[in-house]
Amino acid sequence: MNRQWLYAKQPVGKIGKDTFQWHEGPIPAPRDGEVLVQTRLLSLDPANRAWMMGKTYRDALEPGQVMSGFAIGEVVDSKSPELAKGDIVEGDWGWQDYAALPARRLTKRTTNATLELLIGPLSVTGLTAYFGLLEVGQPKPGDTVLVSAAAGAVGSMVGQIAKLTGCRVIGTAGGADKCAWLTRELGFDAAVDYKAGGVRRAISQAAPDGIDVYFDNTGGPVLDAALTLMNLRGRIVCCGNVSQYDVDKPAPGPMGVPGLVVVKRLRLEGFIVTDFSDRRAEAETRLARWIADGQIKAELDIFDGLERAPEALIGLFEGNNRGKRAVRV
């Protein structure tokens, strides 16, 4: 039996349980050039919601399709010389127990680490933080780095990597508990609770000398505040817009952006982690070493059971996760 979650309908505003539909069917059989993969862990990410809103860097989800999602699994049958039974692979095959896929669409994982680390800190999540900060943000020792959604999967790693490069790091997060975790456990220099109000004033107090690099995971009010506090030739890393994904009508962008960008000579740059695919091995090696040495703490938030995937994703947008959220299938 192959259990699946289908994308049932486009949500209006927040996603709910009726966004998804449970389905059971036969296990697919691989054809020539394909392998049968059994899902071990399913990654839950803000991008899951963005794919429901229309075409992005990938085609939009259509009702009736298997809900898309990044996963890691084990090859249980192979009709391809590229992969063998027992290989651990990752790819985008969605919310289901099994998938038959062309071997070329999968990446074999050879890093000696737990599957939990391979689904996040040593995969898309960690690589996004690594390349987004170091290559797009280009922090220098002594810079002040602001990170939004800093208690999330990507943000928590961005902040720790920034500390390793010699920066002063400020994070924004929802709630006093998350903010305390950032400073007490992850080594952030300051944390701002965006739910407490007065975001711009709180950030300016935490960054009296201004902001050199802003790693933006959220858009919205934090981006508005950060733009006015950027230093000359500051860099804004545009990674996500999570504050606008799960709403009825996304808010318009900041009206003063052109003037701010010109006067302060700012650089705003978006990126997709696959832009740096040719340098993955380098990044993975450094991240693995930092985690093994205890220089980066990889927080994992794991739900057990495929049936809990909708609940886990809904909770992600309610802000009740800390670190990387995934489902152990």
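The values are calculated or read from the model by the stated rules, or taken from the named source; none is laboratory data. Because the structure is predicted, anything quoted here is derived from the model rather than measured. Reconstructed Cβ throughout: ideal geometry from the backbone, glycine too, with neighbour counts over all protein chains shown. Just so you know, the surface numbers come from the protein's heavy atoms only, side chains and all, with ligands and any DNA or RNA stripped out. Shrake-Rupley method; radii C 1.70, N 1.55, O 1.52, S 1.80 Å.
Modelled this way, with points 7 Å down the Cα-to-C-beta line, the labels at Met1 and Ala281 are 4.3 nm from one another.
To the nearest 10, the accessible area of Arg105 is 130 Å² with a 1.4 Å probe.
For region 1-149, the fraction of 1.4 Å probe accessible surface lying on carbon and sulfur atoms is 49 percent.
Note on Asn320 and Asp32: the model spin-label points, each 7 Å out from Cα along the C-beta direction, lie 5.1 nm apart. Summing Lys and Arg as +1 and Asp and Glu as -1 over all other residues whose Cβ lies under 9 Å from the Cβ of Gly69 gives a net charge of -2.
The per residue volume of the convex hull around the alpha-carbon atoms of region 87-161 is 130 Å³. Sorting Val124, Val158 on solvent-accessible area from highest to lowest, probe radius 1.4 Å, gives Val124, Val158.
Entry for region 3-57 at q = 0.17 Å⁻¹: log10 I(q)/I(0) = -0.78, Debye formula applied to identical alpha-carbon scatterers, no solvent contribution.
Each peptide in 135-144, 112-121 gets a packing score, the mean of other Cβ atoms within 10 Å over its residues, and the list from highest to lowest is 112-121, 135-144.
For Tyr98, the residues 5 or more places off, or on other chains, whose built amide H falls under 5 Å of its own are Arg3, Thr39.
Residue ranges 259-269, 220-230 sort as 220-230, 259-269 when ordered by packing (mean number of other C-beta atoms within 10 Å per residue, highest first). Let me see the pair-distance distribution of region 1-107: every alpha carbon pair, 10 Å bin width, integer percents in order. For region 1-107, the pair-distance distribution reads 15, 44, 31, 10, 1. Among the protein heavy atoms, those of Trp290 account for about 20 Å² of accessible surface (1.4 Å probe, every chain in place).
Of the residues Thr274, Thr19, Thr110, the one with the largest accessible area comes first in the ranking Thr110, Thr274, Thr19, computed with a 1.4 Å probe on protein heavy atoms.
Most simply put, the chain has about 55% antiparallel DSSP beta bridges, counting only bridges with both residues inside it.
Using 0.36 nm per residue and subtracting the Cα-Cα separation, the extra length available between Glu24 and Leu232 on full extension is 69.2 nm. Ordered from highest to lowest accessible area with the whole protein assembly present and a 1.4 Å probe, Ser277, Ser156 read as Ser277, Ser156. Note on region 124-281: Cα-Cα pairs beyond 21 Å make up 40% of the total pair count.
Rounded to the nearest 500, the helix-only mean residue ellipticity at 222 nm of the chain stands at -7000 deg cm²/dmol, with each DSSP H run of n ≥ 4 adding -39,500 (n - 2.57). Note that the chain presents 45 Å² accessible area per residue, ligands and nucleic acids not counted, probe 1.4 Å. Taking Cα centre as origin and charging only the Cβ of basic (Lys, Arg, +1) and acidic (Asp, Glu, -1) residues, the dipole magnitude of the chain rounds to 680 debye.
Summarising the label geometry, the points placed 7 Å from Cα in the beta-carbon direction at Arg308 and Thr111 lie 2.4 nm from one another.
What is the local net charge at Asn320, summed over the other residues whose Cβ is closer than 12 Å to its Cβ (Lys, Arg +1; Asp, Glu -1)?
That sum, taken over residues with Cβ under 12 Å, equals -1.
Give me the compactness ratio for the chain, meaning the Cα radius of gyration over 2.2 N^0.38 Å.
Working: Rg = 20.1 Å, N = 329, 2.2 N^0.38 = 19.9 Å.
That works out to 1.01 for the chain.
Nonpolar atom fraction for region 178-329, defined as the carbon and sulfur part of the 1.4 Å probe accessible area, stands at 52 percent.
Within the shell defined by Cβ-Cβ distances under 15 Å, the residues around Lys178 carry a net charge of 0, with Lys and Arg each +1 and Asp and Glu each -1.
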